[in-house]
Amino acid sequence: MTKIRDSYFDNAKFFLILLVVFGHSLTNLKSDIPEIYSLYTFIFLFHMPAFILISGFFSKHFNKQGYVKNSIIKMITPYLIFQIIYSYFYYVTGYTKAFKIDLVSPHWTLWFLISMLCWKLMIIPFSKLGKLGFPIAVMMGIGAGFIDSFGTDYSISRTLAFFPFFYLGYLLKKEHFTELLTRTSIRISSLFVLMGVYLACHFIFPKDLQDWVLHDSSYHAFGLSNVEGGLTRLAVYTVSFITIFAFMALIPKKRFSFTTLGKNTLYIYLLHGFFIKTFVLFPIYDNIQDLYQYSFLFAASLALCYFLASRPVRLFTKPIIEVQMPHLQQ
């Protein structure tokens with residue numbers, strides 16, 4: 001039974017990391033076709049929140065000796081290394097005119113490492129609150145939008161705003177996920193829920209929802225009062241949670257050829273940005289205009305996942321990535 005459940009989470013992480021790569025490949029193209037624009041919004045509604053929830057689920061053993069020290073080392077070391085690498089990469093490729101190492105503002109995907117460290121430390125005091133900690137975490141996430149100075153620096157805004165997903169994952173037990181898989185009615189309903197959320201992204205939700213799901217801006221940045229912004233973030237939370245569990249209900253629990261990729265998602269997560277940022281520089285990227293070409297982009301994202309999770313790539317990059325790595329690999 002344990003193997004089946006492990007395969008379930010590995011399958012979930014594989015599909016999520018594929019959505020991460022594909023979603024990032026759409027970043028500069030998302031407005032070309034309405035259906036793709038909506039798909040981008042739909043993906044970002046739940047892919048990282050779901051990853052964070054799963055990370056929280058695997059963060060129940062914080063009472064182990066050396067937990068704090070190990071967490072700091074595992075998160076800070078790759079963060080510092082990749083911040084430097086990205087700084088040089090952006091300079092060489094022309095994204096920045098001057099070479100500058102900035103350790104305050106995480107480059108692109110690296111915010112996750114800083115936030116993960118904070119979540120792993122925050123779970124220690126929050127665990128004493130039990131279920132009461134969840135509404136408190138939600139209020140903290142909503143409150144983060146009140147403060148204009150909480151932005152991308154040190155990933156403060158995202159750390160607080162995404163923490164409810166992490167803490168709910170911590171509270172959940174395997175039985176909760178098993179329940180999703182054993183009821184056919186839930187799985188069928190989940191399919192319709194996902195379809196409904198996508199259609200809502202296409203026909204109902206405002207276009208600036210894409211900015212809201214990033215959780216890196218204050219409410220004033222959207223021209224809203226704290227009350228309006230707080231209610232909007234609560235609504236976004238609600239839709240994200242519903243979408244996450246609908247997605248998780250459709251994940252197969254059997255082992256497939258791609259299941260093993262779910263164990264190496266951190267390699268894909270940290271490395272895929274270099275390939276996408278490079279691909280964007282080529283004229284062929286700007287020429288992607290129809291659905292057929294977007295299908296090719298999805299296939300390329302899938303191939304990139306397989307490549308980055310391959311044994312040769314892992315062996316080569318392990319010294320700078322796996323410092324006994326965090327929960328994207330758990």
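The values are calculated or read from the model by the stated rules, or taken from the named source; none is laboratory data. Just so it is clear, the structure is predicted and the values come from calculations on it, not from any experiment. Every residue, glycine as well, gets a Cβ built from its backbone with ideal geometry; the counts of neighbours run over all protein chains shown.
Checking the condition modelled with pLDDT under 90 and aliphatic (A, V, I, L, M), which residue from Ile284, Ile268, Ile244, Ile251 passes? Don't jump to the end; show me each part of the working.
On the way: Ile268 fails: modelled with pLDDT under 90; Ile244 fails: modelled with pLDDT under 90; Ile251 fails: modelled with pLDDT under 90.
Being modelled with pLDDT under 90 and aliphatic (A, V, I, L, M) holds for just one of Ile284, Ile268, Ile244, Ile251, which is Ile284.
If you scan the range 258-296, which residues turn out to be touching a Phe, Trp or Tyr at 6+ places or on another chain (Cβ under 9 Å) and over 23 Å from Leu110 (Cα atoms)?
Phe258, Thr259, Thr260, Tyr285, Ile288
Looking at the range 156-195, which of its residues are closer than 16 Å to Val213 by Cβ and either among the β-branched types (Val, Ile, Thr) or not in a helix (DSSP H, G or I) (or both)?
Once the filter is applied, which keeps residues that are closer than 16 Å to Val213 by Cβ and either among the β-branched types (Val, Ile, Thr) or not in a helix (DSSP H, G or I) (or both), the range 156-195 yields only Thr159.
In the range 246-276, which residues are part of a helix (DSSP H, G or I), surrounded by fewer than 18 Cβ atoms within 10 Å (Cβ to Cβ) and either within 17 Å of the chain's Cα centre (by Cα) or in contact (Cβ under 8 Å) with a residue 60 or more places away in the chain (or both)?
As a first pass, look at the range 246-276 and keep what is part of a helix (DSSP H, G or I): 246-249, 259-276.
In the following step, the residues that additionally are surrounded by fewer than 18 Cβ atoms within 10 Å (Cβ to Cβ) were identified as 260, 263, 274-275.
Scanning the range 246-276 gives Thr260, Lys263, Phe274.
Taking the range 108-155 as the search range and keeping residues that are surrounded by fewer than 20 Cβ atoms within 10 Å (Cβ to Cβ) and either outside any helix (DSSP H, G or I) or touching an Asp or Glu at 6+ places or on another chain (Cβ under 9 Å) (or both), which one is modelled with the highest pLDDT?
Going through the qualifying residues, I end up with Ile147.
Just to check your reading of the model, which residue among Phe282, Phe222 is touching an Asp or Glu at 6+ places or on another chain (Cβ under 8 Å) and aromatic (Phe, Trp, Tyr)? Working first, answer last.
On the way: Phe282 fails: touching an Asp or Glu at 6+ places or on another chain (Cβ under 8 Å).
Answer to the selection: Phe222.
Residue by residue, here is whether (1) without any contact (Cβ under 8 Å) to a residue 60 or more places away in the chain; (2) out of contact with any Leu (no Cβ under 6 Å at 6 or more places or on another chain); (3) of a type outside the set (Lys, Arg); (4) within 30 Å of Gly130 (Cβ to Cβ) holds:
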position: Thr41; (1), (2), (3), (4): no, no, yes, no
position: Ile54; (1), (2), (3), (4): no, yes, yes, yes
position: Lys64; (1), (2), (3), (4): yes, yes, no, yes
position: Tyr67; (1), (2), (3), (4): yes, yes, yes, yes
position: Met75; (1), (2), (3), (4): no, no, yes, yes
position: Phe89; (1), (2), (3), (4): no, yes, yes, no
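Mind listing whichever residues of the range 73-107 are among the small types (Gly, Ala, Ser) and either over 19 Å from the mean Cα position of the chain (by Cα) or surrounded by 16 or more Cβ atoms within 10 Å (Cβ to Cβ) (or both)? Before you say what the answer is, go through the steps one by one.
Our first condition is that a residue be among the small types (Gly, Ala, Ser); within the range 73-107, this holds for 87, 94, 98, 105.
Selection gives Ser87, Gly94, Ala98.
Looking at Ser149, is it among the polar types (S, T, N, Q), under 28 Å from His24 (Cβ atoms) and out of contact with any Phe, Trp or Tyr (no Cβ under 7 Å at 6 or more places or on another chain)? Steps first, please.
Numbers: among the polar types (S, T, N, Q): yes; under 28 Å from His24 (Cβ atoms): yes; out of contact with any Phe, Trp or Tyr (no Cβ under 7 Å at 6 or more places or on another chain): yes.
Taking the combined requirement at face value, the residue satisfies it.
Tell me which of these Thr182 doesn't satisfy, since it passes every other one: (1) in contact (Cβ under 8 Å) with a residue 60 or more places away in the chain; (2) more than 25 Å from Gly229 (Cα to Cα).
Result: Thr182 passes all but (1).
If I filter the range 226-238 for residues that are over 23 Å from Ile36 (Cβ atoms) and touching an Asp or Glu at 6+ places or on another chain (Cβ under 7 Å), do I get at least one hit? Show your work before the answer.
Our first condition is that a residue be over 23 Å from Ile36 (Cβ atoms); within the range 226-238, this holds for 226-235, 237-238.
With the extra rule that they be touching an Asp or Glu at 6+ places or on another chain (Cβ under 7 Å), the set shrinks to none.
No: the range 226-238 contains no residue that is over 23 Å from Ile36 (Cβ atoms) and touching an Asp or Glu at 6+ places or on another chain (Cβ under 7 Å).
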